[in-house]
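Below is one structure, written out as structure tokens; the observations come after it.
The values are calculated or read from the model by the stated rules, or taken from the named source; none is laboratory data. Because the structure is predicted, anything quoted here is derived from the model rather than measured. Don't worry about glycine lacking a Cβ; one is built from the backbone with ideal geometry, like all the others, and counts go over all protein chains shown.
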Amino acid sequence: MLQRFLDPATLASISSLDLVAKTVVDGFVAGLHRSPDFGFSQEFAEYRAYSQGDDLRHVDWNVFARTGKCFLKRYRGETNSQLLILLDTSASMAYGSHAVHKLDYARFVAASLCYMANVQRDAAGLIVFDEDVSNYIAPSTRQGQLFRLLHAIEKVEPGTHTDFAKPFVHFQTFLHRRGIVVVLSDFYEDPATIIKTVEPLRYRGNEVILFHILDPQEIKPKFREPVMLVDMEDSHTSLEVSPEYARNEYRRKIDSHIEALSSAARGAGLDYFLMNTERPLDEGLREYLSVRKGRL
């Protein structure tokens, strides 16, 4: 039942983005069979007794139910974690062959990561970009930060072309503290160009994660008759595609692109993870975080 509830099409029907984020995070945490504090960087360290004025969000209610006593969870590195999300809103991200477009899916992922950072008391920030930076929210843990992030994510709209250099310049100009950088994009660019542009984000000890957001029809197209495909970032460019081309030549090209990007990312010390927009979000995030934890 949990997986059906977390189907992307069902999530798209939920009007509140914060509820979407909570649903997704609670879902993949449940699948991990761990506490809701499982995440990118923090590790549970110990309990301490509750004192008047402590934030009740950090009370372990399971312990309270068993013992009748209030204990708070403490973590290693509580003040040393920073998460910055780079969200690609270029025109190609508006594509979707089913209920959830790539940009919708990327919004759900971004909101879920912000929610998780907020639960863990990590500083979270956001850069929204296409051919320019359209919004920037500096990483922070101040009151109301989650609301600001979710509001910004909710109001994003498809833009024009993608220019990965723009958020990089913004990053270098305004951010001077190391942390985790997550890039959400369909990465329709030469893999070597992508890595050359994104790799410098690792400077100053930053960790970079590429979430490759693709529609199932982009990964394994299924056409029964010839179709005319129009470039969403250049309406003057089109291509007639036959079912045979989609099954054979196109499949070879997209598989080669994915493999080249994945290989180049690994070679540059970046994390790469392909996300199919038809896949439940909790399932994909659970897989990535499990693999990640196994490496740490």
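Results for (1) crowded, with 20+ Cβ neighbours inside 10 Å; (2) of a type in the set (Lys, Arg); (3) closer than 27 Å to Pro8 by Cβ, shown as yes or no for each residue.
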{"residue": "Leu150", "(1), (2), (3)": "yes, no, yes"}
{"residue": "Gln172", "(1), (2), (3)": "no, no, no"}
{"residue": "Gly179", "(1), (2), (3)": "yes, no, no"}
{"residue": "Gly205", "(1), (2), (3)": "no, no, no"}
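Looking at this structure, is Met232 at pLDDT below 65 and among the hydrophobic types (A, V, I, L, M, F, W, C)?
Answer is yes for this residue.
Considering region 79-110 alone, what residues qualify as being outside any helix (DSSP H, G or I) and under 21 Å from Pro221 (Cα atoms)?
First, pick out the residues of region 79-110 that are outside any helix (DSSP H, G or I): 79-90, 95-101.
Hits for region 79-110 are Tyr95, Gly96, Ser97, His98, Ala99, Val100, His101.
Within region 273-288, is there a residue that is closer than 17 Å to Ile213 by Cβ, touching a Phe, Trp or Tyr at 6+ places or on another chain (Cβ under 6 Å), at pLDDT 90 or above and assigned to a helix (DSSP H, G or I)?
no
Identify the residue in region 65-75 that is of a type outside the set (D, E, K, R) and modelled with pLDDT of 75 or more and, among all such residues, is farthest from Gln143 (Cα to Cα). Give the steps one after another, and end with the answer.
Just the residues of region 65-75 that are of a type outside the set (D, E, K, R), to begin with: 65, 67-68, 70-72, 75.
Then drop every residue that is not modelled with pLDDT of 75 or more, which leaves 65, 67-68, 70.
Numbers: Ala65: 29, Thr67: 32, Gly68: 30, Cys70: 24 Å.
The selected residue is Thr67.
Are any residues in region 142-165 modelled with pLDDT of 90 or more and either closer than 14 Å to Leu86 by Cβ or hydroxyl-bearing (Ser, Thr, Tyr) (or both), and if so, which ones?
Leu149, Ala152, Ile153, Val156
When you check Leu113 against the structure, is it assigned by TED's automatic domain parsing to the domain that holds Leu214, at pLDDT 95 or above and not hydroxyl-bearing (Ser, Thr, Tyr), yes or no?
Considered against the rule, which asks whether it is assigned by TED's automatic domain parsing to the domain that holds Leu214, at pLDDT 95 or above and not hydroxyl-bearing (Ser, Thr, Tyr), Leu113 comes out as no.
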